[in-house]
Amino acid sequence: MQIKNFENLEIWQLARRLTQEIYTLGRTPKLAKDYALKDQMQRAAVSIMSNVAEGFERGGNQEFIQFLYVSKASCGELRSQLYVALDQEYLDKTIMDRLITVLKRLSAMIKHLIDHL
């Protein structure tokens with residue numbers, strides 16, 4: 001089956017759900033007050049889904065792969081920022097562990113797609 005739209009990619013759909021969770025987390029009282037960290041976390045989450053979309057729309061595998069690598073790197077960036085949020089007691093360890101698991105899964109899925117392309 002040929003995928004015709006980035007919205008049909010499972011990695012983009014997962015990144016979209018993750019972005020929604022990060023925005024929701026950013027509205028919690030403690031994190032909401034740390035504007036710099038909240039903004040950086042939101043930008044990293046948006047970067048994951050945006051780079052998947054932009055790379056897909058470029059129309060060529062080489063450019064798509066390049067954008068997928070940026071998306072994968074943003075997964076690592078967001079994971080690191082979640083540790084900062086945990087260390088500052090902005091979020092519960094249970095929430096952080098779940099989000100880290102999602103990010104590791106998403107990163108692995110992106111790597112699998114890169115290898116496939």
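The values are calculated or read from the model by the stated rules, or taken from the named source; none is laboratory data. Quick caveat, the model's predicted, so the values are computed rather than measured. Note that we place each Cβ from the backbone using ideal geometry, even for glycine, and neighbour counts take in every protein chain shown. Side chains are part of the model used for accessible areas, which takes the heavy atoms of the whole protein and leaves out ligands, DNA and RNA. Shrake-Rupley method; radii C 1.70, N 1.55, O 1.52, S 1.80 Å.
The figures follow:
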| item | result |
| --- | --- |
| Segment residue 84-residue 114, extension gain: residue separation times 0.36 nm, minus the distance between their alpha carbons | 7.9 nm |
| Per residue accessible area of the chain, 1.4 Å probe, in Å² | 59 |
| Most to least packed among 45-53, 20-28 [average Cβ atoms within 10 Å] | 45-53, 20-28 |
| Inter-label distance for residue 62 and residue 92, nm, one decimal - labels placed 7 Å from Cα along Cα-to-Cβ | 4.9 |
| Equivalent ellipsoid dimensions for segment 12-86 as semi-axes, Å, which come from the Cα gyration tensor, largest first | 26, 11, 8 |
| Residue order for 92, 34 - accessible surface, 1.4 angstrom probe, largest first | 92, 34 |
| Accessible carbon and sulfur surface of the chain relative to its total accessible area, %, 1.4 Å | 51 |
| Potential extension, residue 33-residue 21 segment - 0.36 nm per residue separation minus Cα distance | 2.6 nm |
| Computed accessible area, residue 56, all protein chains, 1.4 angstrom probe, square angstrom | 40 |
| Rounded Å value of the spacing that divides the Cα centres of segment 64-80 and segment 91-111 | 13 |
| Long pairs among 38/104; 30/111; 4/38; 33/111; 4/72, criterion Cα-Cα beyond 31 Å | 30/111; 4/38; 33/111 |
| Percent RCO, i.e. relative contact order, over segment 20-117, from Cα pairs under 8 Å lying at least 6 residues apart | 26 |
